[in-house]
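Undergrad: Following this message is one structure expressed as structure tokens.
Just so you know, all these numbers are worked out from the coordinates, no wet-lab data involved. All values reported here derive from a predicted model rather than from experimental measurement. Glycine also receives a Cβ, built like all others from the backbone with ideal geometry; neighbour counts cover every protein chain displayed.
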């Protein structure tokens, strides 16, 4: 194990990732219990990408994200209660119940508007980076998007402009196409690209790129640290492709908590790993993977893991109560905020 | 005449696609997830198995390029039905739609055409929020060269899809997702032509011209008003462009009152066009000003409490009719 | 990126070389006449001339069969003529007259000529790209071996539409040839100011599309590249990307003073006039005498002169035409 990340940093990332996971488990529960309807997307399985990447941003940096955004918003430090309330369309939600899951955002944390249109986070991000460059304060932009966003022409146009104008932006492509279901299993189209290697697209436009294991906090953190530093030094843009496995619950059109509520005892060896998803628990689940690594840090690690879980779980229980108890937006607010 | 079958709206459109693809090898489907996956709403289920990958084409998420290719295919012998998953994503195709497809016939002096259908979904009620709910049919109808259809029933969805495919010009076909599970009798008869309204219900006191899903709300309102002794006539234009002015005007001349109802924003929309036609062509027959109901001028919110407030419903329609008769 | 081996047809016969020369001369004379008319105020709207780019127009289109489709762009008179459009009909169209190919309603930038499988010149940068790719999709669905070509300028290299269509053409192995006529300027802006990346060819290579760069002032080099690409397309081996480096002798449109161009560079390109080169080659090889070449010019002059006279004398479209052909 490399020494890139300090022990403290790894424990902090674990807490963030666990919160992201428990948040998504709450979202799925709220949906099953019909506290909200409509389609939604969960970030489970990609925590080891979003958490370290976002941890490297400073308060002046900006971000843009996609339909699969919950983990990003939580990792950036948004209030889980407000975020859950937003997904449930409540008055106390981060956007007063107007945006919901697809447009989850928190302007106070540097998020630009969250786009539900594939590729939208990339062009918005280039605009964010343009503004950052003109501030001359060393701030940067992080654009988060999925692999299919590179099928949209706007991605290509945006990368060209970012490269030409040397904008301080990190393009973080979360490639979760591996293990997605094929059509015979009732899955939906994933990446449809003639490029064998997505890094060739930024490459064709003169943007340096790296590929990392998106399930490995160390790998992501190191690449992201290098990219952030380059962007702050005026050597942007940079492109990172983080390879993750598609979580089974995100394979069908409607997400389902197919792997259950994450049991950290699977990391400590106190719970058996078996059944249909055993490979996922044993190898792919980034939260369990980091927990196992932390156990190697010696005495007290197990207790610390469960203590963090107890605290995170309590926080999410409070968030659920807050969201459920929150009122729907008042009818008289229906016409607000179309204009300034 | 064939026996009617009970089909959902979604099944009725799909049935029309099967019929037209069997009848004409030039008809093809292009869109995202339309192939073996059968569409995100199962609206193309089974087509891939029967017609194969050359006629049921799954595209990358590249709306401008893929729609532009549909236009090119339409200019060279095919009749594509291009699917835009959510109506809001039509904005991604706007250049190819407005600057290419709509203008080819005129620019070529009538020697070339673009026989294609752009089908898309819209509608509020599923909490899909600001970027997955809108119906831009008023925008489309504003563009010379485009035809625009918004069917309200399974039978009309079936007939108008067949008519749209057989039409030699670009036709935009707007399907309200909230109608997808609505069930009704469908007779697979002769294809209709576009541009004919339907009198849904006859009545002597007031004409309601309702678009798409608003027809069902108007029917519910009419039932309620009938119990109060008010006889409502409902006209469903079915085709927004070209618009069947004659049927609308004839109805208003009988009832002397008109309410126009739309699920899209009132401002600068279809209701304004229809109301002004009524005012211009039936002014002397009117006993009250033409009235309009439409969605509020807001993006569609995700909130369960706000979303229904954003557009008219049966009680709003009934209430407005009472006010008009008061 | 190496193309899979498809037998390239034999070198063109002398008659073909002379035919390509004749087509280039006609385009040059036609464009000169349009320039004069436009300067005199006889042409409605903006007009974009392709003088200097004749070799890219002709070299590619000479590789096509009548069943193949092309899509052109705003600088497209040469494509129309090379594809066989009537000289008088095109001239009348550019002047907006009743006798024009499109009844005078389209002008220079929107000539659609489906009789010759020309999907049209286009007023939107990159607008023709998906149309040609769509024609290839149509050919595939119909079981036809027709190929299609989209022409676009260097400005369109930065349109996302190109990227999308290249991706789809590569995935579906469509019989389409992407031809970039790189004249160094998108409107008034130099290509390097707006086009990132180490190599323009990489934009095709990303998708695994065989990509090549040719001298766009050499009709034979262009033709050779195009024939190979069309042969691959017909053989079901998918798209190709050809960048033809060329130069527009005039400005972006008639009236553009071109202050942004370097004089020495412009002179150097002028010296590489594709028509002079072709004429010299034909003479050196004994395929044409000076008199033959002069006859070609006279023939072109006569065709263009007649077209100009007819177009000037032709009536404006009748008022009742305004509302025709919005729908079928």
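Undergrad: Between 0 and 90 degrees, rounded to the nearest ten: what's the tilt of helix B:9-23 against the longest Cα principal axis of chain B?
TA: 40
Undergrad: Kindly put C:148, C:289, B:310, A:62 in sequence by how many other C-beta atoms sit within 10 Å of each C-beta, fewest to most.
TA: Details: C:148 31, C:289 11, B:310 20, A:62 23.
Lowest count first: C:289, B:310, A:62, C:148.
Undergrad: Expressed as a fraction of 2.2 N^0.38 Å, the rule-of-thumb size for a compact globular protein of N residues, what is the C-alpha radius of gyration of segment A:274-325? Before the final figure, lay out the partial values.
TA: On the way: Rg = 14.5 Å, N = 52, 2.2 N^0.38 = 9.9 Å.
Here the Cα radius of gyration is 1.47 times the empirical estimate.
Undergrad: Please find, in a Gaussian network model of chain A (springs between Cα atoms separated by less than 10 Å), the residue of A:176, A:31, A:196 whose mean-square fluctuation is greatest.
TA: A:196
Undergrad: What number does chain A give for Rg over Rh if you use C-alpha atoms and the Kirkwood radius?
TA: With Rh from the inverse mean 1/r over Cα pairs, Rg/Rh is 0.95.
Undergrad: Same structure again: Nearest 10 degrees, 0 to 90: what angle lies between the long axis of helix B:245-255 and the longest principal axis of chain B (Cα atoms)?
TA: 20
Undergrad: May I ask for the distance between the Cα centers of segment A:44-113 and segment B:266-299, given as a whole number of Å?
TA: So the two Cα centres are separated by 42 Å.
Undergrad: Could I ask something else about it? Mind checking which of C:202, C:271, C:225 has the largest fluctuation in a GNM of chain C, springs on alpha carbons under 10 Å?
TA: Largest GNM mean-square fluctuation: C:271.
Undergrad: If each residue's Cβ is checked for other Cβ atoms within 10 Å, how do B:90, C:24 rank with the fewest at the top? Mind dumping the intermediate values first?
TA: On the way: B:90 23, C:24 28.
Ascending number of Cβ neighbours within 10 Å: B:90, C:24.
Undergrad: As I understand it, the value is the acute angle between the Cα axis of helix B:214-227 and the longest principal axis of the Cα atoms of chain B; what does it come to in degrees, rounded to 10?
TA: The two axes meet at around 30 degrees.
Undergrad: Within segment B:7-186, what percent of beta bridges assigned by DSSP are antiparallel, to the nearest 5?
TA: Working: 2 of 23 bridges.
About 10 percent, rounded to the nearest 5.
Undergrad: If one computes the Cα centroid of segment B:117-158 and of segment B:163-221, what distance in Å separates the two points?
TA: Answer, in whole Å: 12.
Undergrad: So what's the projected area for chain B, the Cα convex hull averaged over all directions, in nm²? Could the numbers behind the result be given before it?
TA: On the way: hull surface 66.6 nm².
For chain B, the mean projected area of the Cα convex hull comes to 16.7 nm².
Undergrad: With both bridge residues required to lie in the protein assembly as shown, what share of the DSSP beta bridges run antiparallel, to the nearest 5%?
TA: Working: 12 of 88 bridges.
Counting only bridges with both partners in the protein assembly as shown, antiparallel ones make up about 15 percent.
Undergrad: Something else: Hey, in the GNM for chain C with a 10 angstrom Cα cutoff, which one of C:90, C:26, C:293 fluctuates hardest?
TA: Sorting by GNM fluctuation, first place goes to C:293.
Undergrad: Per-residue Cβ counts within 10 Å, from other chains only, averaged over C:120-127: what number is that? Intermediate results must be reported in sequence, preceding the final value.
TA: Details: counts 7, 1, 3, 4, 6, 0, 5, 6.
Mean shielding by partner chains, rounded to a whole number: 4.
Undergrad: Arrange A:34, C:305, A:166 by Cβ neighbour counts within 10 Å, fewest through most, would you?
TA: A:34, C:305, A:166
Undergrad: While we're here: Using the Kirkwood radius over Cα pairs, work out the Stokes-Einstein diffusion coefficient for the protein assembly as shown at 20 °C and 1.002 mPa s, in µm²/s as a whole number.
TA: The estimated diffusion coefficient comes to 70 µm²/s.
Undergrad: Additional query: Using only the alpha carbons of segment C:14-316, what is the convex hull's orientation-averaged projected area in square nanometres?
TA: Working: hull surface 59.8 nm².
For segment C:14-316, the mean projected area of the Cα convex hull comes to 15.0 nm².
Undergrad: Taking each residue in B:125-134, count the Cβ atoms of any other chain within 10 Å of its Cβ, then average. What number comes out? Before the final figure, lay out the partial values.
TA: Working: counts 2, 3, 9, 7, 10, 8, 9, 8, 0, 0.
Rounded to a whole number, the mean comes out at 6.
Undergrad: State whether segment B:14-118 is rounded, prolate or oblate according to the following rule on the C-alpha gyration tensor (a ≥ b ≥ c being the square roots of its eigenvalues): a/c under 1.5 gives rounded; otherwise a/b larger than b/c gives prolate, and the remaining case gives oblate.
TA: Working: a/c = 2.30, a/b = 1.36, b/c = 1.68.
The shape class here is oblate.
Undergrad: With labels modelled as points extended 7 Å from the Cα through the Cβ direction, what inter-label distance (nm, one decimal) is found for residue A:6 paired with residue B:281?
TA: Here the answer is 7.7 nm between the modelled labels.
Undergrad: So what is the relative contact order of chain A, in percent, for Cα pairs below 8 Å that sit 6 or more residues apart? Don't skip to the answer; put the middle values down first.
TA: On the way: 635 pairs, mean separation 73.8, N = 340.
Relative contact order comes out at 22 percent.
Undergrad: On the principal axes of its Cα set, how long, how wide and how thick is segment C:109-222? Give whole Å, largest value first.
TA: Reported extents, whole Å, longest axis first: 42, 32, 31.
Undergrad: Could you tell me the center-to-center distance, by alpha carbons, between segment B:89-110 and segment C:239-285 in angstrom?
TA: If we compute the Cα centre of each part, the gap is 33 Å.
Undergrad: From the convex hull of the Cα coordinates of segment A:202-340, what is the mean projected area in square nanometres? Write down the numbers at each step before the final one.
TA: On the way: hull surface 59.2 nm².
Mean orientational projected area (segment A:202-340, Cα hull): 14.8 nm².
Undergrad: Shape call for segment C:169-328 from the C-alpha gyration tensor, a ≥ b ≥ c root eigenvalues: rounded (a/c under 1.5), prolate (a/b greater than b/c) or oblate? Kindly include the intermediate steps, with their values, before the conclusion.
TA: Numbers: a/c = 1.40, a/b = 1.17, b/c = 1.20.
It is rounded, given that a/c, with a ≥ b ≥ c, falls under 1.5.
Undergrad: Of the DSSP beta bridges with both residues in chain B, give the percent that are antiparallel, rounding to the nearest 5. Numbers along the way, then the final one.
TA: Values: 9 of 42 bridges.
Expressed as a percentage, antiparallel bridges in chain B total about 20.
Undergrad: Give me the Kirkwood hydrodynamic radius of segment B:198-325, using the inverse of the mean 1/r over all pairs of distinct Cα atoms, in Å to one decimal.
TA: Values: mean 1/r = 0.0692 Å⁻¹.
One over the average 1/r among Cα pairs gives 14.4 Å for segment B:198-325.
Undergrad: Here's something else I'd like to know. Within 10 Å of each Cβ of A:78-89, how many other protein chain Cβ atoms are there on average? Could you put the intermediate results ahead of the total?
TA: Values: counts 0, 0, 0, 0, 0, 0, 0, 0, 2, 1, 4, 9.
Counting Cβ atoms of other protein chains within 10 Å of each residue's Cβ and averaging gives 1.
Undergrad: Cα convex hull of segment B:172-247: how many Å³ per residue? Mind dumping the intermediate values first?
TA: Details: hull volume 8.5 nm³, N = 76.
Cα-based convex hull of segment B:172-247, divided per residue, equals 112 Å³.
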